[in-house]
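The block underneath contains the structure these notes are about, expressed in structure tokens.
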Amino acid sequence: MGCMDKPCPERDAGFFCSCFYLELSSIIMLDIQKLEVGPLDACCYIVSLKCSDAMIIDPGGDTETIVGYLEENKLRPVILVNTHGHGDHIGANKELKEKFPDIQICIHTDDAEMLEDPFKNLSLLGGKRYSSPPACRTLSHDEKIKLNGYEFRVLHLPGHTPGGIGIYTDSTDNGEAPILFSGDTLFAGGYGRTDLPGGSHNHLLKSIKECIFKLDENTVIYPGHGSSTTVKAEKERFK
Ligand SMILES: [Zn+2]
Ligand SMILES: [Zn+2]
């Protein structure tokens with residue numbers, strides 16, 4: 001329930017009360033927190049509004065750091081999205097699901113089988129044995145994910161894995177640039193490897209050129225590793 005749904009004597013008397021301003025600020029500020037987690041420093045992003053429901057993208061490890069951030073900021077994690085099924089992006093799925101049983105684990109249909117299988121998610125290569133609970137929801141291209149009134153669109157970006165996805169929104173209607181979480185498809189100054197099982201160099205280039213590069217040039221890209229970039233900057237590099 002939002003603050004504006006609660007009874008408030010100040011507001012009822014015609015004054016702008018403190019909870020009105022709190023509610024107003026939570027409407028307009030999309031917060032993106034990056035936490036570098038796990039042995040490969042995967043970028044885990046926590047997307048939220050202030051004191052609200054939160055979406056966790058790619059919790060690759062360091063559950064305590066993730067939970068600490070959520071608790072400190074009074075966030076309720078409701079959606080967990082894995083941009084793909086590799087171990088460095090799903091390592092904390094199990095512990096987070098145990099801690100927050102209602103959280104919805106989402107992954108593209110074509111990577112769903114990697115979640116539970118440490119061979120397929122390649123965690124065994126790194127000496128770990130990650131087995132995530134199964135997906136609560138499998139995603140496909142163009143599907144919508146809703147969070148606090150924002151709408152995120154799933155972009156299927158095969159190439160690094162068969163079911164790699166990007167998560168995009170341009171519903172930042174207060175003048176902010178659109179946002180893309182690109183997983184391991186595209187980084188600042190590079191792109192994901194394609195020599196792992198299920199990888200395809202041709203598919204990856206097609207995902208980048210025919211999907212990501214067709215987005216608004218001002219789109220800010222938050223990749224699965226390293227620093228953020230923009231569609232415009234990466235297009236320049238590809239020339
Ligand atoms: Zn990967
Ligand atoms: Zn990765």
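For the reader, a short list of remarks on this structure follows.
- Residue in the stretch 186-199 that is out of contact with any Pro (no Cβ under 6 Å at 6 or more places or on another chain), away from ligand 1 (no atom under 16 Å from the Cβ) and more than 19 Å from Ala42 (Cβ to Cβ) present: no
- Residues that are charged (D, E, K, R) and either free of Cβ contacts under 8 Å to residues at least 40 places away in the same chain or not in a helix (DSSP H, G or I) (or both), drawn from the stretch 79-123: Lys94, Glu95, Lys97, Glu98, Lys99, Asp102, Glu113, Glu116, Asp117, Lys120
- Within the stretch 97-132, considering residues that are touching a strand residue (DSSP E or B) at 6+ places or on another chain (Cβ under 6 Å) and of a type outside the set (Phe, Trp, Tyr), the one surrounded by the most Cβ atoms within 10 Å (Cβ to Cβ): His108
- Qualifying residue in the stretch 70-77 (condition: under 14 Å from the mean Cα position of the chain (by Cα) and touching a residue at least 24 places away in the same chain (Cβ under 8 Å)): yes
- Condition broken by Phe181, with the remaining ones in (1) closer than 21 Å to Gly85 by Cβ; (2) in contact with a Pro (Cβ under 9 Å, 6 or more places away or on another chain); (3) assigned to a loop (DSSP other than H, G, I, E, B) satisfied: (3)
- Selected residue [surrounded by 20 or more Cβ atoms within 10 Å (Cβ to Cβ) and in a loop (DSSP other than H, G, I, E, B)] from Gly199, Gly163: Gly163
- Looking across the stretch 131-144, the residues that are within 29 Å of Pro39 (Cα to Cα) and either in a strand (DSSP E or B) or modelled with pLDDT under 95 (or both) come down to Arg137, Thr138, Leu139.
The values are calculated or read from the model by the stated rules, or taken from the named source; none is laboratory data. Predicted model only: the values in this text are computed from it and were never measured. So basically every Cβ, Gly included, is an ideal-geometry build from the backbone, and we count neighbours across all protein chains shown.
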